[in-house]
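A.B. asks: First the structure, then my questions, so here it is.
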Amino acid sequence: MPQLSIIIPAYNNSRYLPECIRSLTMQDYRDIEIIVVDDASTDDTSSVVKDLAEHDSRIRLIQHKKNAGTLASRKSGILASHGSYVMLIDQDDALAPNALTSLMLFAQQHPADIYHFGVKVHAANSQAQQAAAGMTSFLTPTPRTLQREDILQYQFASSKGFDWHVHHKMYSGDFARNAYTLASDTRLVLSDDLYMSFILCSTASTYIAIPDSPWYIYHLGRGDTLGQQLTPKTSETIAQRDAQALSLLKKFVSQESSKIKRSDWDDRLADVRNRLIEHTMNEWKDNLPSENQKKTLQRILQYWEPDTVCGEIYRYVRDYAYAYLTAKDHKSQKALCDKANAKTYLDMARYIEKNNGLPGSSKNNHYLGLREIAYTHLYDSGLLARPQSQPHGLRALLSTFLTRL
């Protein structure tokens, strides 16, 4: 039996697959199996893997007859693995030299279910280069050890959380195989990392983030659509997939909460809801032409609750209003742009609220909190006239803070 199983889900991207696999076969640490799951590719993925396997018996190929999505590919590979430890790597990424020696040595000295290590981001183009620093920060874990309920509590927290990618992590083998048996057989792409990370973190006993461990080479902009302009239809697809992940997690909690005892399932689902809608709405805001944004909201609202969508729009109002409030010159081009954007997004939020009876009896604290802070900045900046009964400045922020205690 190999000590470590490495699973690579593959679909129609054979160009980078040999580089990925060779970064594994050339590691100093040799006691591994490499399982490539070809998700019914229409290119030469399977023949590329077979050619590599002829020269290294540690390489295995699993072929899906029908395209089933990333979640299913990872699940097939994990459940077919035999290693004492399991790792996932994307087909266009790689491991740094000597990464496995360092990782396995650490694991032998520190028993855990989840080992979280860092990344080196290699930018594939100029746009990826601009995003590289932020991505490196996001994917580099804060060194720490978390136990049981704390793992999921921190995972999706708005502060002091950690990223939900299932790659650049190593798992205890039996733990990972048990967790993936709980995963739905439903087709899920894009949001599958977050979905599976929730299940892994809810069932783990020990999580360790390893210091000074940039061992995963993340090729940003290679195999994804970084910064690609969206259409109303593709924006709707993102909303649908993110909402599907939340629905599947609610189903998971409903089925497993009697076995996995914790008192905060509702809060943890709220955390993951906030991360998912944040992704949907950031894609909508950043990559959809502004002239399509308002009409596309109706498509997004088919899948998400109005107060959840409004919360994210108020986040934009908050940020633009604060930027205008703190501007040194309110007549500068940037300040005037911030002012216009604050009002544009405020109009959108109010439109949704008016048509859905909000804020009304909403119990979405994320939405209510963002809304309150946004209005505080709007009043303090003079973008809106303040109601006479409304507190302002530090007093308002203090009031907001105290209401959340």
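Only the coordinates and a few stated rules stand behind these numbers; no lab work does. Predicted, not measured: the structure shown is a model, and the values here were computed from it. Cβ: placed from backbone, ideal geometry, glycine included. Neighbour counts: every protein chain shown.
A.B. asks: Helix 333-356 versus the longest principal axis of the chain: what is the Cα-based angle in degrees, 0 to 90, to the nearest 10?
C.D. replies: Helix 333-356 and the main axis of the chain meet at about 90 degrees.
A.B. asks: Once fully extended, how much extra length lies between LYS120 and MET1, figured as 0.36 nm per residue of separation less the alpha-carbon to alpha-carbon distance? Present the calculation step by step, with values, prior to reporting the outcome.
C.D. replies: Details: separation 119, 0.36 × 119 = 42.84 nm, distance 3.04 nm.
Contour length minus Cα-Cα distance gives 39.8 nm.
A.B. asks: Measure out, as a whole number of angstrom, how far apart the alpha-carbon centroids of the range 15-35 and the range 85-131 sit.
C.D. replies: 13
A.B. asks: Apply the a/c threshold of 1.5 to the C-alpha gyration tensor of the chain and tell me whether it is rounded, prolate or oblate.
C.D. replies: Values: a/c = 2.02, a/b = 1.80, b/c = 1.12.
Prolate, since a/c reaches 1.5 and a/b exceeds b/c.
A.B. asks: Starting from the Cα gyration tensor of the range 4-220, take the square roots of the eigenvalues, sort them a ≥ b ≥ c, and report rounded, prolate or oblate (rounded when a/c is under 1.5, otherwise prolate if a/b is larger than b/c, else oblate). Could you put the intermediate results ahead of the total?
C.D. replies: Values: a/c = 1.37, a/b = 1.29, b/c = 1.06.
Because its axes are fairly even, with a/c under 1.5, the range 4-220 counts as rounded.
A.B. asks: Here's something else I'd like to know. For GLN255 and ASP174, FRET efficiency with R0 = 22 Å and r from the beta-carbon atoms, rounded to 0.05?
C.D. replies: On the way: r = 21 Å, r/R0 = 0.94.
The calculated FRET efficiency here is 0.60.
A.B. asks: A follow-up question, please. Express the relative contact order of the chain as a whole percentage, based on alpha carbon pairs under 8 Å and six or more residues apart in sequence. Walk me through the numbers on the way to the answer.
C.D. replies: Numbers: 658 pairs, mean separation 56.9, N = 405.
Normalised by residue count, the contact order of the chain is 14 percent.
A.B. asks: Can you list residues from other chains, or at least 5 along the same chain, whose modelled amide H is less than 5 Å from the amide H of VAL37?
C.D. replies: ILE8, ALA10, ILE62
A.B. asks: Can you run phi through the Karplus equation (6.51, -1.76, 1.60; θ = phi - 60°) for the range 52-61 and list ³J(HN,Hα) in whole Hz, with x for Gly and Pro?
C.D. replies: Values, residue by residue: 5, 5, 5, 9, 8, 5, 7, 8, 10, 10 Hz.
A.B. asks: When HIS377, HIS122, HIS110 are ordered from fewest to most other Cβ atoms inside 10 Å of their Cβ, what list results?
C.D. replies: Details: HIS377 23, HIS122 16, HIS110 12.
Ordered by Cβ neighbours within 10 Å, fewest first: HIS110, HIS122, HIS377.
A.B. asks: Return the long-range amide H neighbours of ALA94 (sequence gap of 5 or more, or a different chain), with a cut-off of under 5 Å between placed amide H atoms.
C.D. replies: Sorted by chain and number, the residues that satisfy this are ILE217, HIS219.
A.B. asks: Once you've got the GNM for the chain with C-alpha springs shorter than 10 Å, pick whichever of THR326, THR186, THR25 has the biggest mean-square fluctuation.
C.D. replies: The residue that fluctuates most here is THR326.
A.B. asks: Residue by residue through the range 157-170, which ³J(HN,Hα) values in whole Hz follow from phi under the Karplus form 6.51 cos²θ - 1.76 cosθ + 1.60 (θ = phi - 60°), with glycine and proline marked x?
C.D. replies: 5, 5, 9, 6, x, 9, 5, 9, 5, 8, 7, 6, 9, 10
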